[in-house]
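Asks: This structure is in structure tokens; I'll ask about it shortly.
The values are calculated or read from the model by the stated rules, or taken from the named source; none is laboratory data. Because the structure is predicted, anything quoted here is derived from the model rather than measured. Note that we place each Cβ from the backbone using ideal geometry, even for glycine, and neighbour counts take in every protein chain shown. The accessibility values were calculated without ligands, DNA or RNA, using every heavy atom of the protein model including side chains. Shrake-Rupley method; radii C 1.70, N 1.55, O 1.52, S 1.80 Å.
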Amino acid sequence: MPSPILSEPIEEMLELVWTAQEDGLTPLDRDHLPQQLLCFLPHPIEADGHQPQETIDAMIRQGLLSGAGRTIELTDPGKALAREVVRRHRLTEVLLRNVLQVSEEAMESTACQVEHILNAEVTGAVCAFLGHPPTCPHGRGIPRGRCCEVTLKAVEPLIVPLAQLKIGEEARVAFIHTKRHQYLKRLSALGMAPGRRIRLRQKQPAVVIQVGETELALDPQAGQEILVRRI
Ligand SMILES: [Zn+2]
Ligand SMILES: [Zn+2]
């Protein structure tokens, strides 16, 4: 397998060809890359149809693409690398969109940058954190990683809303996701901060948790807003 240190244009092209393959568009005509997929290419290149040719030539030389005449397709090593790039990109999308709830535009641009800097260990951690999601916010499949195979039998997210714990179950606060800023302030004043160990005491009519020696009654919404990591 070639060195996994790839330039950004190569990673973008891997992603483009992978996505084209998903859409049944491969082999691709290298002179007419599908318009709808050009968003995968870095911006200066996107405007000009010619520059990808250099990237394509470099990839053919590195054995990532097979180029028969004017058509291109991923080789097996190319597929293996594309899989990783696509996986990082789509996991980042899930993280940004579903957990951090950033806007769609911010998601698109940030995912394209973040995918180049996540290493294998961080990618696995993000995947586990998200509960090994099968699809991205666009509904495209996220290639499975080794972490997903291990946990395939019991795919339960590591991080769940507080209200999903069983009575008596212990967990650590992972983060608090709320737009109620005053409420967040009050919670942190009560010691509810990431890393804090808590135990769920009661769900109805109020969510009651034990933090250290004290019991706290929270409103039902907080049961969804406080995300915890099961112990
Ligand atoms: Zn997506
Ligand atoms: Zn996974």
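Asks: Which angle from 0 to 90°, rounded to the nearest 10, does the C-alpha axis of helix 76-94 make with the longest principal axis of the chain?
Replies: Its long axis makes an angle of about 40 degrees.
Asks: Determine the calculated [θ] at 222 nm for the chain from helices alone, applying -39500 (n - 2.57) to every DSSP H run no shorter than 4 residues and normalising by the residue count; nearest 500 deg cm²/dmol.
Replies: On the way: 9 runs with 89 residues, N = 231.
Calculated from helices alone, the mean residue ellipticity at 222 nm is -11500 deg cm²/dmol.
Asks: Label point 7 Å out from Asp57 along Cα-to-Cβ: which residues of segment 72-90 have amide N under 20 Å?
Replies: Label zone hits: 72-75.
Asks: On the full set of protein chains, 1.4 Å probe, figure out the accessible area of Met192 and give it in Å² to the nearest 10.
Replies: Answer for Met192: close to 0 Å² accessible.
Asks: Against the 2.2 N^0.38 Å scaling, with N counting residues, where does segment 164-231 land? I'd like the Cα-based Rg ratio to two decimal places.
Replies: Numbers: Rg = 10.7 Å, N = 68, 2.2 N^0.38 = 10.9 Å.
Normalised Rg, Cα atoms only: 0.98.
Asks: On average, how much accessible surface per residue is there in the chain, in Å², for a 1.4 Å probe, leaving out ligands, DNA and RNA? Let's see the in-between values first.
Replies: Values: 12500 Å² over 231 residues.
Per residue, the chain has an accessible area of 54 Å².
Asks: I'd like the accessible area for Glu104, computed on protein heavy atoms only with a 1.4 Å probe and all protein chains in place. Round to 10 Å², please.
Replies: Number for this one is 90 Å².
Asks: In debye to the nearest 20, how big a dipole does the chain give about its Cα centre with +1 on each Lys and Arg Cβ and -1 on each Asp and Glu Cβ?
Replies: Working: 26 positive and 29 negative charges, 327 e Å.
For this selection, approximately 1560 debye.
Asks: To the nearest 10 degrees, how steeply does helix 52-61 sit against the main Cα axis of the chain, on a 0 to 90 scale?
Replies: 80 degrees
Asks: Mind ranking 211-219, 223-231 by how tightly packed they are, going by the mean number of other C-beta atoms within 10 angstrom, highest first? List each step's numbers first, then the result.
Replies: On the way: 211-219: 12.6, 223-231: 18.2.
Averaged packing, sorted descending, gives the order 223-231, 211-219.
Asks: If DNA, RNA and ligands are ignored and the probe is 1.4 Å, what is the ranking of Glu11, Glu149 by accessible area, most exposed first?
Replies: Numbers: Glu11 10, Glu149 120 Å².
If we order Glu11, Glu149 from most to least accessible, we get Glu149, Glu11.
Asks: Further, regarding this structure: Of the heavy-atom accessible surface of the chain (probe 1.4 angstrom), what whole percent is carbon and sulfur?
Replies: Values: 6830 of 12500 Å².
Carbon plus sulfur share of accessible area: 55 percent.
Asks: Right, here's the next one. Using the alpha-carbon centroid of each, what span in Å lies between segment 85-149 and segment 170-231?
Replies: Their Cα centres are 27 Å away from one another.
Asks: Would you please state which residues of segment 159-178 a label at Ile231 would reach in this model, taking the label point 7 Å out along Cα→Cβ and a backbone N cut-off of under 11 Å?
Replies: Output list for this probe position: 169-173.
Asks: Below 9 angstrom from the Cβ of Ile209, what's the summed charge of the other residues (Lys, Arg +1; Asp, Glu -1)? Spell out each step's value before the answer.
Replies: Working: positive: Arg199, Arg201; negative: Glu215.
Its environment carries a net charge of +1.
Asks: Can you give me the distance in nm between label points at Thr110 and Ala193, each placed 7 Å from the Cα along the Cα-to-Cβ direction?
Replies: 2.3 nm
Asks: Relative to the longest principal axis of the C-alpha atoms of the chain, give the angle of the C-alpha long axis of helix 104-114, reported between 0 and 90° and rounded to the nearest 10°.
Replies: 70 degrees
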